[in-house]
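The values are calculated or read from the model by the stated rules, or taken from the named source; none is laboratory data. Please read these numbers as outputs of a predicted model, since none were measured by experiment. Neighbour counts run over all protein chains shown; Cβ positions are idealised from the backbone, glycine included. Each accessible area value is taken on the protein alone, full model and side chains, heavy atoms only, with ligands, DNA and RNA left out. Shrake-Rupley method; radii C 1.70, N 1.55, O 1.52, S 1.80 Å.
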Amino acid sequence: MKINALVAHNATAPLTSDSVALRPLQKQDVKIEILYCGVCHSDLHMARNEWGVSRYPLVPGHEIVGRVTEAGSEVSKFRPGDLVGVGVMVDSCRTCHFCQQHEEQYCEAGFTATYNGTDKYTGGTTWGGYAESVIVDEHFVVAVPQNLPPAGVAPLLCAGVTVWSPLRHFNVKAGDRVGVVGLGGLGHMAVKLASAMGADVTLFTTSAAKRDDALRLGASRVVVSRNEEEMAACQTSLDIIINCVAAPHDLNPYLATLKTNGRMVLVGIPDRPHISPDITPMVFRRLSITGSSIGSVQETQEMLDFCGQHNIVADIETITGDEIEQAFERMLRGDVHYRFVIDMQATQW
């Protein structure tokens, strides 16, 4: 079954419109007509093989919203016409401890990525959401709330659940004091979700120009991390920090803002290690640094339901498929507030 897609053929050539073959519909599969697909920074890394694991041809995209057009004979959760989403995973072993505990993102065999993974039915490469359609096992498909604009939902499938997972795992609740480092695709969702949970949110940014926007998104206060006085004013005040910055930086100033027993959760992955933090305050105030990877299918559905209840979507700019290279260039300059989303219906193949 051939479909149109935006394809990277090597690490240096622009993405171009081409055709790829979807696998045959399995009995537990749904076929989804893609309406929108978010543009994650990891798509750019993969298209350019910056992590050294890309296999070409490659179709990026793992923030997918679309409508079911076909359902396999054993599908029970969805039917044609349903508005659904697909995130970073499309399969896992299903049998290991983590899969059994609904934490497929930590599958001991490694989850199957939505794109650049290996399809267990064909042995070929999985194709992502920069395309007309996708076929996915229903277990890895989630229902999209009908009251939310589908374009704004797309980034929730990666950026949203990546910050939702640690907020839920570490039991953030109303009244907790939450820090968010960085106001990008991940950070702006962390501010929205934590504030909707009732937390008191402090946004750390290197740019004073982001102050008004952070307050609009739900932050209670904004701290310019390069301002020593502002950093000193929030020492030992936070319960947890969600650190969304994917560039190496000094963690010590942020650790100093945590209360005793506080925790910093890293969700951004830098291309080289962070500076090693000072262990002394970690020991004497029982501080923790931990990490968190995307989120499970169950967490993704919980997050979408929460967003439906609170009318939360990402702040986006829609583009067409032929604008993807310009979008990549703007992402490199930080010129996006806060996620590009490809409108597949408006894309000319």
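Kindly evaluate residue 342 against the criterion of being under 26 Å from residue 168 (Cα atoms) and aliphatic (A, V, I, L, M).
no
Going by what's in this entry, would residue 165 be described as in contact with a helix residue (DSSP H, G or I) (Cβ under 7 Å, 6 or more places away or on another chain), closer than 19 Å to residue 193 by Cβ and either at pLDDT below 95 or among the hydroxyl-bearing types (Ser, Thr, Tyr) (or both)?
Taking the combined requirement at face value, the residue satisfies it.
Output the residue which, of all residues in region 236-247 that are open to solvent by less than 40 Å² (accessible area, probe 1.4 Å) and within 26 Å of the chain's Cα centre (by Cα), is nearest to residue 173 (Cα to Cα).
As a first pass, look at region 236-247 and keep what is open to solvent by less than 40 Å² (accessible area, probe 1.4 Å): 237-238, 240-244.
Checking which are within 26 Å of the chain's Cα centre (by Cα) leaves us with 238, 240-244.
On the way: 238: 13, 240: 11, 241: 14, 242: 14, 243: 18, 244: 20 Å.
Within region 236-247, the match that is nearest to residue 173 (Cα to Cα) is 240.
Consider residue 87 against the criteria (1) buried (at least 16 other Cβ atoms within 10 Å of the Cβ); (2) touching a Lys or Arg at 6+ places or on another chain (Cβ under 8 Å): it satisfies all of them except one. Which criterion is unmet?
Here residue 87 meets the rest and fails (2).
Whether any residue in region 290-300 is of a type outside the set (Val, Ile, Thr), in contact (Cβ under 8 Å) with a residue 60 or more places away in the chain, over 22 Å from residue 183 (Cα atoms) and part of a loop (DSSP other than H, G, I, E, B) is what I want to check.
Checked region 290-300: at least one residue is of a type outside the set (Val, Ile, Thr), in contact (Cβ under 8 Å) with a residue 60 or more places away in the chain, over 22 Å from residue 183 (Cα atoms) and part of a loop (DSSP other than H, G, I, E, B).
Can you spot a residue in region 274-282 that is of a type outside the set (A, V, I, L, M), surrounded by fewer than 13 Cβ atoms within 10 Å (Cβ to Cβ) and over 21 Å from the mean Cα position of the chain (by Cα)?
yes
For residue 116, all conditions in the list (1) within 21 Å of residue 291 (Cβ to Cβ); (2) open to solvent by less than 40 Å² (accessible area, probe 1.4 Å); (3) under 17 Å from the mean Cα position of the chain (by Cα) hold save one; what is the number of the exception?
Just one mismatch for residue 116, condition (1).
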